[in-house]
Amino acid sequence: MEKIIINENLTQYRLIEALDRVSYYTSAFLFHNKGQGVLIDSGYRRLGKFIKKDLDQSSIVLKAIIITHYHKDHAEGSTVFKNVPIIASDLYEDTFTKCQNVTTYELDIPNILVEDKYLINIDTSRIEIFKTPGHTKCGLSVLINNDYLYVSDNLLEDINNKIIVPYLDVSSNPYEHYKTIYEYQHLQFKTLLLTHGQVKNNPNLIYEFGERLFYLENFIKSEFTKDIDECLQNKAENYSMTAIHKINVRNAKKYVSIQPTSFFESMNASQKKSD
């Protein structure tokens, strides 16, 4: 585990995981100003203990913990903190129950539920928390001062910066995943923060968002029948953990009855209207 000071207000805590011979980071981020901080996700229990030990040695008081969705690698670390408000989506319950079933630690029910957006102010800093269903239906993202965008698991990559194809949890809707990444493009920010990936300053957004949108659009238009190679913009060897595609096929089947043509027509109409 390691602590990385990105700047005077932002700290990354991360560890390295491995799955199917692929290594990737799992991170939590602390934004703080004038002695008050907000923890964005909390990692596994061991990462949470690492963060708490560091905070106990500082003068920073946690104002809240944001759980962007209830998977073990995001929520379990919160169990080491006591009497700290927890912020989550108002759609948290299903994934909360599943997460509780796979951890031996008692998860705290969130105190603050985000119905659309929620704002935290720390001195002059603005932390905007908003719903971004994609990887899960209860997903949240965080925009800090129009400088940092934290996208949780809606964008994934391995330790070598190879893109991991979008991963549809059993609760997720591929149409919503597409819409969330599509809407990220219209936000003002300078640095992209991923749970599973490197911190990206002045990222190439055409690459970061375009690759995922290309995959999801082809996947959706095929009504979830295309092989992985047909959904990717480049050769499969340029991506990581492509076996996720088989999980996506299984989890997306319930959305076959939705008409993809009308969905993309409405997205294009929305884009023209905003232009």
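Scanning region 156-206 for residues that are of a type in the set (S, T, N, Q), touching a strand residue (DSSP E or B) at 6+ places or on another chain (Cβ under 6 Å) and surrounded by 14 or more Cβ atoms within 10 Å (Cβ to Cβ) yields 191, 195. Per the conditions (1) part of a loop (DSSP other than H, G, I, E, B); (2) in contact (Cβ under 8 Å) with a residue 24 or more places away in the chain; (3) out of contact with any Gly (no Cβ under 8 Å at 6 or more places or on another chain), the sole criterion not satisfied by residue 118 is (1). Of the helices (runs of 4 or more DSSP H) entirely within region 158-275, those holding at least 3 residues that are modelled with pLDDT of 95 or more occupy 174-184, 205-221, 228-231, 244-252.
Scanning region 79-97 for residues that are among the charged types (D, E, K, R) and at pLDDT below 95 returns 82, 94. Annotation: of all residues in region 144-155 being buried (at least 21 other Cβ atoms within 10 Å of the Cβ) and of a type outside the set (S, T, N, Q), the one that is nearest to residue 61 (Cα to Cα) is 144. Counting the residues of region 15-44 that are under 22 Å from residue 61 (Cα atoms) and either hydroxyl-bearing (Ser, Thr, Tyr) or in contact with a helix residue (DSSP H, G or I) (Cβ under 8 Å, 6 or more places away or on another chain) (or both) gives 9.
Condition first: under 24 Å from residue 239 (Cα atoms), part of a loop (DSSP other than H, G, I, E, B) and touching an Asp or Glu at 6+ places or on another chain (Cβ under 6 Å). Can you find one or more residues in region 137-147 that meet it? Among the residues of region 137-147, not one is under 24 Å from residue 239 (Cα atoms), part of a loop (DSSP other than H, G, I, E, B) and touching an Asp or Glu at 6+ places or on another chain (Cβ under 6 Å), which makes the answer no.
The values are calculated or read from the model by the stated rules, or taken from the named source; none is laboratory data. On a predicted model such as this, the values are computed, not experimentally measured, just so you know. With ideal geometry, Cβ positions are generated from the backbone for all residues, glycine too; neighbour counts draw on all protein chains shown.
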